[in-house]
């Protein structure tokens with residue numbers, strides 16, 4: 001492998017994601033691509049993005065991690081928690097439902113919301129199974145890769161429930177993190193590719 005490429009927070013923006021891969025001349029035979037989670041919500045193509053990530057993992061040795069938005073979609077389908085439902089809609093979940101269910105529009109009511117949940121549960125459970133199966137972190141000889149962050153105060157970070165929450169959700173604007181094996185932040189040279197559909201940045205580490 002000549003490069004390790006890291007991309008996070010695709011958020012249903014499949015076209016900019018594909019454009020980014022083309023822009024950096026991604027070659028699965030030579031590059032190790034690591035996608036750091038948050039494949040759904042906000043953007044217009046959550047379903048297609050999950051399909052793309054599944055294909056990359058299965059056929060192009062891509063490493064995919066789970067983000068907090070992915071976990072929230074899993075929780076929405078697996079449980080009947082009103083707090084999860086509320087948080088889901090607060091953080092771009094409507095666009096995810098529209099991606100999976102062509103009968104959902106911006107004036108969705110509670111009964112339609114439940115119908116969408118049931119539809120995804122019946123027709124796209126393989127997506128939910130896939131997202132739920134994704135690891136929270138990846139380690140190599142030099143780095144730990146996570147979606148949000150690690151708190152160095154927790155020695156037993158792999159099993160601590162509070163640490164898992166830290167890995168999934170960040171309380172700052174730091175973005176997804178690459179950490180050294182000593183858990184100190186490594187700030188590599190990054191290529192920033194602006195995503196106009198979410199006004200965010202997709203970040204990729206070269207080298």
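Taken together, the values in this text are just the output of simple stated rules run on the coordinates, not laboratory data. This is a predicted model, so every value here is computed, not measured. Cβ atoms come from the backbone with ideal geometry, glycine included; neighbour counts cover every protein chain shown.
Tabulated data
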| read-out | value |
| --- | --- |
| Highest-first arrangement of 75-86, 40-51, 136-147, where packing means the average Cβ count within 10 Å | 40-51, 136-147, 75-86 |
| Exposure proxy order (Cβ contacts within 10 Å, fewest to most) of 54, 125 | 125, 54 |
| Additional length obtainable on full extension of the chain from residue 142 to residue 121, 0.36 nm per residue less Cα span | 3.6 nm |
| Distance between segment 1-36 and segment 85-125 - C-alpha centres, whole angstrom | 28 Å |
| Net lengthening on full extension, residue 132/residue 87 (0.36 nm per residue, minus Cα-Cα) | 14.4 nm |
| Estimated FRET transfer efficiency when R0 is 25 angstrom, pair residue 112-residue 58 (beta carbons, to 0.05) | 0.15 |
| Using a Förster distance of 41 Å, the FRET efficiency for residue 19-residue 156 (Cβ separation, nearest 0.05) | 0.50 |
